[in-house]
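Working notes, beginning with the structure itself.
Just so it is clear, none of the values below were taken in a lab; they were calculated from the coordinates. Quantities reported herein were computed from a predicted structural model and do not represent experimental measurements. Reconstructed Cβ throughout: ideal geometry from the backbone, glycine too, with neighbour counts over all protein chains shown.
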């Protein structure tokens, strides 16, 4: 299985695609490959204008089974821009039988009121395009409530916008469930945290063994209970 991720820092944070790969392999018992076109702060409009030839080449010639499409989230671009550029990406995907997946993002910690518009926008696009939707934002909203009394279980990175290692575990599990129809085993508690204390991404951990971590059984169970409902 080959998966292409298109997005920005909400995709590359904590090496999330690699976590998806490992979860899928846990589910299927077969190798998976992940590839990424993700750039800080960029929208899909930027991808399809400034980086169009990279997107086009990768989609048409990469031999991907799935393409995960993640739009800029904070702030969201104008709806018409999102619709137009998702449509362009999906059109390329369908030329080569690659299954597109709409990645529904989450609202900033201090602006939870934005979640409803995110949910509505991405559900409308997925319905109109008859494409898969990864309802990350909706699961995130549910999980926030379930995790609120558990220590060290904040879904957010310290900036209140990006995902923490816990948040990206949730993201990866939602994507795994959408792609495979199943979740990894209950013993899969691994996540990645590539951030350094007191460093706003000027530097990140360079060794995989340094970013690997294990979540508690309590946190894993709470997230699994939320994801299994999708």
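Tabulated results
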| read-out | value |
| --- | --- |
| Crossing angle, helix 165-180 versus the chain [Cα axis fit, 0-90 degrees, rounded to tens] | 50 |
| The range 92-173: C-alpha gyration tensor shape, a/c 1.5 cut-off, then a/b vs b/c | prolate |
| Residue with peak Gaussian network fluctuation, the chain [Cα springs, cutoff 10 Å], from 96, 20, 220 | 96 |
| Helix axis angle, 79-95 relative to the chain longest principal axis, alpha carbon, degrees | 80 |
| Highest-first arrangement of 111-117, 131-137, where packing means the average Cβ count within 10 Å | 131-137, 111-117 |
| Computed [θ] at 222 nm, helices only, for the chain once each DSSP H run of length n ≥ 4 contributes -39500 (n - 2.57) | -14000 deg cm²/dmol |
| Sorted by Cβ density within 10 Å, fewest first, the residues 16, 23, 213 | 213, 23, 16 |
| 37 °C / 0.692 mPa s Stokes-Einstein diffusion coefficient of the range 2-227, Kirkwood radius on C-alpha pairs, µm²/s | 186 |
| Top of 140, 106, 46 by mean-square fluctuation, Gaussian network on the chain, Cα under 10 Å | 46 |
| Cα-based helix-to-principal-axis angle, 52-61 vs the chain, degrees rounded to 10 | 90 |
| Among 171-184, 58-71, the order from most to least packed when residues are scored by Cβ within 10 Å on average | 171-184, 58-71 |
| Cα centroid separation - the range 163-210 against the range 48-108, whole Å | 22 |
